[in-house]
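The values are calculated or read from the model by the stated rules, or taken from the named source; none is laboratory data. The model shown is predicted, which means the values in this text are computed figures rather than measured ones. Cβ coordinates were reconstructed from backbone atoms using ideal geometry, including for glycine residues, and neighbour counts include every protein chain displayed. Keep in mind that these areas ignore ligands, DNA and RNA; they rest on the heavy atoms of the full protein, side chains included. Shrake-Rupley method; radii C 1.70, N 1.55, O 1.52, S 1.80 Å.
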Amino acid sequence: MSDKIRLVLITGLSGSGKSTVAKCLEDMGFYSVDNLPVPLLSEFVRVPLGLGAGRDKIAVVTDVRAHGLAAEFARLFAEIDREVVRPTLLYL
């Protein structure tokens, strides 16, 4: 069993069910944040414990159309500290 923070990044097209998935993850004990703007997303992937204190399972929803996401997402995902965080990307 891992002691890393589970970070699920949920994105996709409008109407694809992102919020529904986030609610299901909440039911599974995840701390869920919906419609997170890209500048805050970068903070979340850098310091998930600072923003989700006391949580070891975090789900973040952002719309694929969010300003700056296409340009920044690959870099943000690559910068996640995998020693601390176990990231999962869920594209709907």
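Figures for the structure shown
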quantity	calculated
Tabulated pairs, the range 79-91, first closer than 18 Å to Arg55 by Cβ and open to solvent by 60 Å² or more (accessible area, probe 1.4 Å), second assigned to a loop (DSSP other than H, G, I, E, B) and not small (Gly, Ala, Ser), C-beta under 6 angstrom, 6+ apart or interchain	Arg86/Lys4
Top-ranked residue of the range 34-70 - restricted to ones that are open to solvent by 30 Å² or more (accessible area, probe 1.4 Å) and at pLDDT 80 or above, ranked as farthest from Ile5 (Cα to Cα)	Asn35
